[in-house]
1. Excluding GLN192 itself, what net charge comes from residues whose Cβ is under 11 Å from its Cβ, given Lys and Arg +1 and Asp and Glu -1?
2. What is the extension gain from GLN62 to CYS268, computed as 0.36 nm multiplied by their sequence separation minus the C-alpha to C-alpha distance, in nm to one decimal?
3. Nearest 0.05, what FRET efficiency do ASP33 and SER72 give at R0 = 41 Å with Cβ-Cβ as r?
4. Rounded if a/c is under 1.5, else prolate if a/b is larger than b/c, else oblate: which is the stretch 168-207, with a ≥ b ≥ c the root eigenvalues of its Cα gyration tensor?
5. Based on the alpha-carbon gyration tensor of the stretch 64-139 and its eigenvalue square roots a ≥ b ≥ c, which shape applies: rounded if a/c is under 1.5, prolate if not and a/b is larger than b/c, or oblate?
6. Please list 218-227, 111-120 highest first by mean number of surrounding beta-carbon atoms within 10 Å per residue.
7. Which GluC sites (Glu not before Pro) in the stretch 202-295 pass both tests, a DSSP loop state and at most 10 other beta-carbon atoms within 10 Å?
8. Report the relative contact order of the chain, percent, no decimals, based on alpha-carbon pairs under 8 angstrom and at least 6 residues apart.
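Derivation of every value follows stated rules applied to the coordinates shown; laboratory data play no part. Computed from a prediction, not measured in an experiment: that's the story for all the values here. For neighbour counting, all protein chains shown are included, and Cβ atoms are generated from backbone atoms with ideal geometry for every residue, glycine included.
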Amino acid sequence: MEWHFPGSTTASSIYLCHNAFVDSTAVNRLNWDERAPAHAVSPDYHVTRFVEDPAFLSYVVQFDIPRLGEISGLHGVHLQCHIGTDTISLARLGARMTGLDYSSAALTEARRIAERVEADVEFVLADVYDAGSVLGVGNYDLVYTGIGALCWLPDIRRWARTVAGLLRPGGRLFIREGHPMLWSLNEQRDDQLLVVDYPYFETAEPHIDEDDGTYVATDRAFAHNTTHTWNHGMGEIITALIDVGMELTAFAEHRSVPWDALPGNMICDEQGEWRMRMGPERIPLSYTLQARKSA
Ligand SMILES: C[S@@+](CC[C@H](N)C(=O)[O-])C[C@H]1O[C@@H](n2cnc3c(N)ncnc32)[C@H](O)[C@@H]1O
């Protein structure tokens, strides 16, 4: 398939493909709008546990507790918050949280869950690149994001500018994300070989995929199965942050990731972390990165 990249609009990424314009943002949003209600009732998002136990935290937030530090009283924003379970977890740790996502179906679920668990969290519908104009500049002590967030964004430098714009001087970015090395692998092999089939570095063109499933257990059938995604190399992410005045304060690479990223080749522990069955020391599967906006 031949793609040309004429640039992106404020909220969309529009590509010319076979003489037709294709809006990646619209394609991806259809995919998310359809999956969000299925995710909210999937056992893997543990909504019932949030309802039953007011101290329950998502496994993703639990994983990073040793690195998160004290966040009580912080004004935080969770970019690409999806159905809000991590956002609510951060609120349960005492932060005053706003969640932002461009999927209205995801935010409908997020608001419903927050109401059920009596969490005081605001959810805002917007494209991440518009977060600064929607939420205001310099208003936040903490920007939190990750776990399948950056791969939906075509331009990591624009994302870094957005993050820096949201933070007050001295404010923190906290991200746990799938490692770009993992995103570059062919995930359909069943022989334990790690084969790099997709770009590690950011590309102008999206990687286009068709998948009629999702990353959590569900018996729902989906009709919108196309996704447009982009990888961003570790150096590209870190350099983009440094170039907008962020100081790297912590960086850890992990042998696990909180979804079944290489189906057939992974085992899951009781905290929902998936590791390679063989040779888990070969490559990092995820990372936690922290950075601070220069005061
Ligand atoms: C994999 S989910 C994030 C998962 C989240 N960490 C969780 O497990 O709850 C990705 C989210 O990013 C959102 N998203 C993708 N591109 C976006 C964009 N450009 N602006 C805002 N939200 C976006 C999707 O709607 C979806 O809810």
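1. Values: positive: ARG189, ARG277, ARG282; negative: ASP190, ASP191.
Residues close to GLN192 contribute a combined charge of +1.
2. On the way: separation 206, 0.36 × 206 = 74.16 nm, distance 1.55 nm.
Extra length from GLN62 to CYS268 when fully extended: 72.6 nm.
3. On the way: r = 34 Å, r/R0 = 0.83.
Efficiency, rounded to the nearest 0.05: 0.75.
4. Details: a/c = 4.53, a/b = 2.03, b/c = 2.23.
Here the stretch 168-207 falls in the oblate category.
5. In terms of gyration-tensor shape, oblate.
6. Numbers: 218-227: 13.2, 111-120: 15.7.
Put in order of decreasing packing, that is 111-120, 218-227.
7. Values: sites: GLU202, GLU210, GLU236, GLU247, GLU253, GLU270, GLU273, GLU281; in loops: GLU202, GLU270, GLU273, GLU281.
Taking the stretch 202-295 and a limit of 10 other Cβ atoms within 10 Å, the loop GluC sites (Glu not before Pro) found are GLU270, GLU281.
8. Values: 603 pairs, mean separation 50.8, N = 295.
Rounded, it is 17 percent for the chain.
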